[in-house]
Amino acid sequence: PEIQGVRPLLEVQQRLSALPQRDTLLVETLKSREGWLLFLYAFAGRRVHLGLGSLLAWRLSRDRPLTFSIAVNDYGLELLSASEINWAEALNAELFSETDLLADIMASLNAGELALRRFREIARISGLVFSGYPGAAKSNRQLQASSGLFFEVFKQYDANNMLLTQAQEEVLRQELDLQRLELTLRQINRRRLDLHAIKRATPLAFPLLVERFRESLSSEKLADRIARMVRDLEKAAGPEHEQ
């Protein structure tokens, strides 16, 4: 029954892109109004995908100034760049190299979103960022802007700040699994890259988009956005699957 229930989604995934295979690494690219997106499905778990996304973003931005947003789930990761990027050229062997892994991970912590995400939570709990009065709470966007400003100031002018150090230590201890990340990179390098330029979000990409939207949209706007995406998927599935 479970397989029958997801069969329509699998058919849509196959039609819009491809289904993951044991010997391939499925990667999808999409140009949207937000920017240039990459969806990579390593099926290695959320913790590994957090580290992998941060690592890839760091390595991609070494040669040119690029900023990435990262979203992850148990199946894969999403990278979003506001600047144009040729994903087919960027996805080379060096990007997935195991060489200098620890050094690059530490560098990515300072440059990327992993430590920033943890710092946001620490800043909120510590009272560094005021979330607003009852009935007049600040929006997620306002809170992220405030904590992000503190993060950048501490990183540039007070690198030994206790809250900043705590964020970095918690990420390494609680969120990253370096051994599994290294194993995942080794497995990726054994697989054939299956790259697809998609025109709309696939069923596998859908949850990653929602993960990113959740951080920047209010509950009502998020619900509206998800409803539009569901209608788009239903349209792709064909009239027999539309409600």
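Taken together, the values in this text are just the output of simple stated rules run on the coordinates, not laboratory data. Computed from a prediction, not measured in an experiment: that's the story for all the values here. Quick reminder, even Gly has a Cβ in these numbers, built from the backbone with ideal geometry, and neighbours come from all protein chains shown.
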Ranked highest first by the average count of other Cβ atoms within 10 Å around their residues, in what order do 150-163, 115-128, 48-61, 12-25 fall?
-> 48-61, 115-128, 12-25, 150-163
Cα-based Rg of region 2-241 normalised by 2.2 N^0.38 Å, two decimals | 1.07
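Take a quick pass over region 2-241 and tell me how many lysine pairs come in under 22 angstrom between Cα atoms, counting only ones 8 or more apart or on separate chains. Numbers along the way, then the final one.
Values: Lys31/Lys199; Lys31/Lys221; Lys31/Lys235; Lys138/Lys221; Lys199/Lys235; Lys221/Lys235.
Number of lysine pairs found: 6.
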Efficiency by 1/(1 + (r/R0)^6): what FRET value for Arg214 and Asn189, r their Cβ-Cβ distance, R0 = 25 Å, to the nearest 0.05?
-> 0.20
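About the Cα centre, and with charges only on the beta carbon of Lys, Arg (+1) and Asp, Glu (-1), how big is the dipole of region 2-241? Nearest 20 debye, please. Mind showing how you got there, number by number?
Numbers: 32 positive and 31 negative charges, 96 e Å.
So the magnitude is around 460 debye.
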Can you tell me the order of 196-206, 166-176 when each peptide is scored by its average per-residue count of other Cβ atoms within 10 angstrom, highest first?
-> 196-206, 166-176
The alpha-carbon pair-distance distribution computed for region 1-105, with 5 angstrom bins and whole-percent values, is 2, 11, 19, 23, 21, 11, 6, 4, 2, 0
